[in-house]
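Notes follow once the structure below has been shown.
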Amino acid sequence: WAKADGKSRWALFDSERNAREVARFTLSATMPAALERGEFYVDYQPLVRLTDTAVVGVEALVRWQHPEFGRLGPDRFIELAEETGLIVSLGRWVLEQACRQARSWIDEFGAAAPFVSVNLAVRQLRDAGLVGDVARILAESGLPPGKLQLELTESAIMGNAAEPLDALCALSDMGVRIAIDDFGTGYSNLAYLRHLPVHELKIAGSFVEGLRAAAAGDEVDQQIVATLVSLAHALGLTVTAEGVETTTQAERLRAIGCDSGQGWLFAKPGPPASIDGLL
Ligand code: C2E
Ligand code: MG
Ligand code: MG
Ligand code: MG
């Protein structure tokens, strides 16, 4: 349709798109060298038990300190890394960092140290080397398997291909915890969920947002969250609410029976030292 409106619109549309494409291409083409050069780093954000604010877990979140563009969040490059396949080596690197860091918290704070929760892309779950990589990284870091949690989205877990499920079972048999990230935003087959080796549901921040103010109309979100929590508990899973920003939200989640919360109310993602102070 743009072409029918005249040549100039085509050109404008094209140059904007080109700029975006060039930026994307530049980022994805330079990512392997950036990984080699050590431009990626991992921030950590606590998962806090709502009854007593103890830090039970810590999520590892990757960032890219780009020499030209500054600090880039994962939303800028994870999808690109999935497209090029670099996610497999980048994800392995994050896992190594996170497991080493979690081991050092155990050395410092003992058995009560938090588990570390690492995001896995669909592509990593499909990678034939995943289970072996996790086993090797656990052995090399000396992290007990129970202190590692892997976060997958609903679509990654619910896909009916047999291999990802085999990998999940192998990881779970190893003693690694499996969490479903952003729960409620994708399509979940609840009947199927009960047969999966899953240990935790992380309720997406979009539902938690509705528990912010004590306004009328919020009851729907409150009911949805309460339903997700009782569903999770009925399945024997723990529940973490994401995106907890206010005390009202935390109080309501606690009243509902949600196990833990994660969000700016407790701490923003930060370097390992920012967690030390909370342990
Ligand atoms: P996620 O796994 O759902 O991680 C939670 C996101 O919510 C993080 O964004 C975190 O900084 C943000 N967040 C935490 N507390 C709050 C809050 O109170 N309010 C709001 N509005 N946001 C909050 P981040 O760090 O930008 O990560 C975005 C996504 O990138 C992650 O979502 C995850 O899907 C992906 N990601 C991050 N690190 C990795 C990684 O190492 N591997 C893979 N495959 N994906 C990763
Ligand atoms: Mg996550
Ligand atoms: Mg999430
Ligand atoms: Mg997410």
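The values are calculated or read from the model by the stated rules, or taken from the named source; none is laboratory data. Note that the structure is predicted; figures quoted are calculated from it, not measured. When we count neighbours, we look across all protein chains shown, and the Cβ atoms used for this are built from the backbone with ideal geometry, even at glycine. SASA here: full protein model, heavy atoms, side chains in, ligands and nucleic acids out. Shrake-Rupley method; radii C 1.70, N 1.55, O 1.52, S 1.80 Å.
The table that follows gives values for the structure above.
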{"item": "Index of the failed condition, Gln149 passing every other in (1) modelled with pLDDT under 95; (2) within 16 Å of ligand 2 (Cβ to nearest atom)", "result": "(1)"}
{"item": "Given (1) touching a residue at least 40 places away in the same chain (Cβ under 8 Å); (2) away from ligand 2 (no atom under 13 Å from the Cβ); (3) of a type in the set (Asp, Glu), number of the condition Asp166 does not satisfy", "result": "(1)"}
{"item": "Among the residues listed as Ala213, Ala255, the single one being open to solvent by 60 Å² or more (accessible area, probe 1.4 Å) and away from ligand 2 (no atom under 15 Å from the Cβ)", "result": "Ala255"}
{"item": "Any hit, segment 169-179, residues being in contact with a strand residue (DSSP E or B) (Cβ under 8 Å, 6 or more places away or on another chain), open to solvent by 20 Å² or more (accessible area, probe 1.4 Å), within 16 Å of ligand 2 (Cβ to nearest atom) and over 24 Å from Ala139 (Cα atoms)", "result": "no"}
{"item": "Hits in segment 104-139 - residues which are aliphatic (A, V, I, L, M) and open to solvent by 50 Å² or more (accessible area, probe 1.4 Å)", "result": "Ala111, Ala112, Ala128, Ala139"}
{"item": "Cβ-Cβ under 6 Å pairs, at least 6 apart or on other chains, segment 219-247 side over 26 Å from Pro269 (Cα atoms) and in contact (Cβ under 8 Å) with a residue 24 or more places away in the chain, far side away from ligand 2 (no atom under 16 Å from the Cβ) and open to solvent by 50 Å² or more (accessible area, probe 1.4 Å)", "result": "Leu235/Arg194"}
{"item": "Filter pass, Gln101 being within 16 Å of ligand 1 (Cβ to nearest atom), open to solvent by 40 Å² or more (accessible area, probe 1.4 Å) and under 21 Å from Gln45 (Cβ atoms)", "result": "no"}
